[in-house]
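Below is one structure, written out as structure tokens, with a few remarks after it.
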Amino acid sequence: MNSILTKKCPLCLSDSKSLWPKINVCKCCSCGLLFRYPALSLSELDVLYETSWSHPNDQLDETGATSFDLAQEYGMRLAKSLGLDNFKGLRILDYGAGRGAMLKALQDLGAEVYAVEPFGHEFLRDQGFRVFRSLSEVPENVKFDGIVSLDVIEHVLVPWETYGDLQRYLVKRGWLYLSTPNAGGINAQYFRSKWRELYNRGHLFFFTSETLESTLRKNGSAKIKRLRWFVNYHRGIFASAMHWLLQFLLRDGELRYLIFK
């Protein structure tokens, strides 16, 4: 397929090429960032998410696919990565909290939890959580020891700005944990244009470890640590062994990072 120059890369402003025109995915010729162009407009994204939240348990791609069991494992592994046994005494914000699985897990580990969830705020408020529709609603005097953001950054229009803003809400020596699908993983590399993450219309960016680190450094983040977690997805013995190997090689389906203020 002949590559067609389309627009400037939103991250580094270099030329990009149309990689898979049928699904509107471009690749930067310089930094390698994969991004959707043309993407849904802001109003179209609003309609997508509002429609999904009308039946939140049926539209997990948009409202949060993390189960409570997985969230519990993520919470314990996050605490271990930070050298902690639990989150007692810590105030933690879940940015893009979805249906609240991670909020519950962090709360069970002792954290005082808050959420930012623009479309599912009523769903979370009905569960008793303190939730804001946007960062701008968070009081200026409220600071967080940590912020988590699971599979959200790929949905954000200008992620280098948003995740830079997030760090302003951290206390000194606070931390930000984020995860996102791995465009450098074995599934993405094998399936290419048929990789399932490409077909989520709300996904605007598809990150490899290199492009995600470039995105984070663009907002001034200097202390970045990629995490290698051996997550048990309770599959069969062969599938579990293969997944552990991919996690060891950092070729699994998820990128996980800690950013320190």
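A few points about this structure:
- Share of pairwise Cα separations in the range 93-159, more than 15 Å, in percent: 48
- About the Cα centre, charge dipole magnitude for the chain (Lys/Arg +1, Asp/Glu -1 at Cβ), debye: 1040
- The range 183-261 versus the range 5-33: alpha-carbon centroid distance in Å: 20
- The ranking of 36, 99, 251 from fewest to most other beta carbons within 10 Å of each one's beta carbon is 251, 36, 99.
- Angle between the chain longest axis and helix 209-218 axis [Cα atoms, degrees, rounded to 10]: 70
- Shape metrics for the range 80-121, restricted to C-alpha atoms - Rg then Dmax, Å: 10.7, 33
- Arranged from fewest to most other beta-carbon atoms within 10 Å of their beta carbon, 180, 162, 51 become 51, 162, 180.
- Each listed q (0.22, 0.23, 0.29 Å⁻¹) maps to a log10 I(q)/I(0) for the range 33-82 from the Debye sum over equal C-alpha point scatterers, namely -0.83, -0.84, -0.99.
- Dipole of the chain, positive direction: furthest Cα of 176, 76, 11, with charges on the beta-carbon: 11
- Of all DSSP bridge pairs formed entirely within the chain, close to 55 percent run antiparallel.
- Charge-dipole axis of the chain as Lys and Arg at +1 and Asp and Glu at -1 on Cβ define it, positive-most pick from 247, 93, 144: 247
- Dipole moment magnitude, nearest 20 debye, the range 22-69 about Cα centre, only Lys, Arg, Asp, Glu C-beta charged: 460
- Each stretch of four or more DSSP H residues adds -39500 (n - 2.57); spread over every residue of the chain, this sum gives -8500 deg cm²/dmol at 222 nm.
- Size descriptors for the range 1-139, from the alpha-carbon set: Rg then Dmax equal 19.0, 56 Å.
- The alpha-carbon atoms of the chain, seen along their principal axes, cover 56, 44, 39 angstrom, with the largest extent given first.
- Per-residue Cβ neighbour rank within 10 angstrom, fewest leading, 132, 206, 248: 248, 132, 206
- With one equal scatterer per alpha carbon and no solvent term, the Debye-computed log10 I(q)/I(0) for the range 162-261 at 0.10, 0.13, 0.17 1/Å reads -0.32, -0.54, -0.85.
- Proportion of all alpha-carbon pairs of the range 11-57 beyond 17 Å (%): 50
- Formal net charge of residues neighbouring residue 38 (Cβ-Cβ distance under 14 Å; K, R +1; D, E -1): +4
- The range 102-247 pair-distance distribution - Cα-Cα, 10 Å bins, rounded %: 9, 33, 36, 19, 2, 0
Just so you know, all these numbers are worked out from the coordinates, no wet-lab data involved. A quick note: this is a predicted structure, and the numbers were derived from the prediction, not measured. Methodologically, a virtual Cβ is constructed for each residue, glycine included, from the backbone with ideal geometry; neighbour enumeration extends over all protein chains shown.
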